[in-house]
Amino acid sequence: MRQRLVCLFISLMALFVIGCSNKAPEEFDLDQLTRVDIRETIPQSKTDFAIITEEKDLDIIRKAFREVQWEPGAMAEIQPDRKLEATFFYTYEKNMPERLFEYEVYLKDGIISLQSKEEGYGKLSKAQSEKLKKLLFKNEDTEAPESYVAEGYIVKKTEDEIRVITEIKKEEIMGNEEQIDSLIKEKYDGKGYVFNLNKIHERTKSSLNVGQKVVVEYDEANLSAPSNANALKVRTVQE
């Protein structure tokens with residue numbers, strides 16, 4: 001009887017540990033910030049949506065947010081010159097779901113203030129506002145460089161390049177390198193893109209692997225087969 005109770009106790013503890021380990025953290029750590037999506041709502045523009053994944057840009061956001069003076073539970077009525085919605089993505093472990101936090105970001109007379117359900121109302125200093133403004137609120141008089149987007153699977157990777165095929169299916173790239181190369185020559189010869197990664201942060205480059213689904217923002221591709229282009233931003237797609 002005693003042995004059965006001990007076994008039952010161990011089983012319950014194991015279930016508890018597994019349940020806790022599969023649960024995403026409810027608090028955020030700015031060091032784990034991996035992506036920020038922004039959409040400008042006041043005023044709306046043709047290019048009002050952007051994805052920020054570059055480490056140097058994320059560092060600017062981290063430093064600014066560490067300086068925010070939050071008033072938990074507070075709400076503010078603001079008539080901003082410009083406003084955007086920002087979604088912060090926090091990745092804690094590879095196999096755990098991302099944690100998402102949303103903010104309303106206001107720009108008024110050169111000062112940035114923020115509203116969040118979790119943290120309330122916050123405000124930045126003039127100096128920090130200036131740094132963050134250059135990243136989040138693009139100059140309306142400046143034309144953004146033309147870029148294009150491709151979504152597909154990585155089928156080959158070298159130190160500074162990835163080959164992405166948009167038409168290929170996930171189940172087709174489950175084999176080893178030799179099998180994948182053979183399939184590409186037979187079925188997808190000349191298809192897809194070869195992206196140069198020189199403009200991509202080292203941390204992002206090292207996280208890319210064959211078999212991953214990615215969204216790549218790139219400059220104008222040449223007419224070779226497969227097309228060659230410089231990757232401007234790369235993010236993986238969770239499936």
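The numbers here are math on the coordinates, done by the rules we state, and not lab data. Since the structure is predicted, the reported quantities are computational estimates derived from the model, not experimental observations. Virtual Cβ from ideal backbone geometry, glycine too; neighbours counted across all protein chains shown.
Observations, loosely collected:
- Rounded to the nearest 20 debye, the dipole magnitude of segment 148-236 is 280 debye, with +1 charges on Lys and Arg beta carbons, -1 on Asp and Glu beta carbons, and the Cα centre as origin.
- Proximal aspartates and glutamates relative to K63, as straight alpha-carbon distance under 13 Å, when same-chain residues fewer than 8 apart are discounted: D29, D31, E55, E130
- Proximal lysines to K94, defined as alpha-carbon separation beneath 21 angstrom and excluding residues fewer than eight positions away on the same chain: K23, K157, K170, K205, K213, K233
- 20 Å Cα-Cα reach of K117 towards lysines, excluding residues that sit fewer than 8 places from it in its own chain: K83
- Ellipsoid equivalent to segment 148-236 - semi-axes via the Cα gyration tensor, in Å: 20, 15, 11
- Remark: segment 30-136 is approximated by an ellipsoid whose semi-axes, taken from the C-alpha gyration tensor as √(5λ), come to 21, 16, 14 Å, largest first.
- Dipole in debye (nearest 20) - segment 30-136, about Cα centre, beta carbon charges: Lys, Arg +1; Asp, Glu -1: 280
- Dipole of segment 87-239 [Lys/Arg +1, Asp/Glu -1 at C-beta], most positive-end residue of P97, S129, P226: S129
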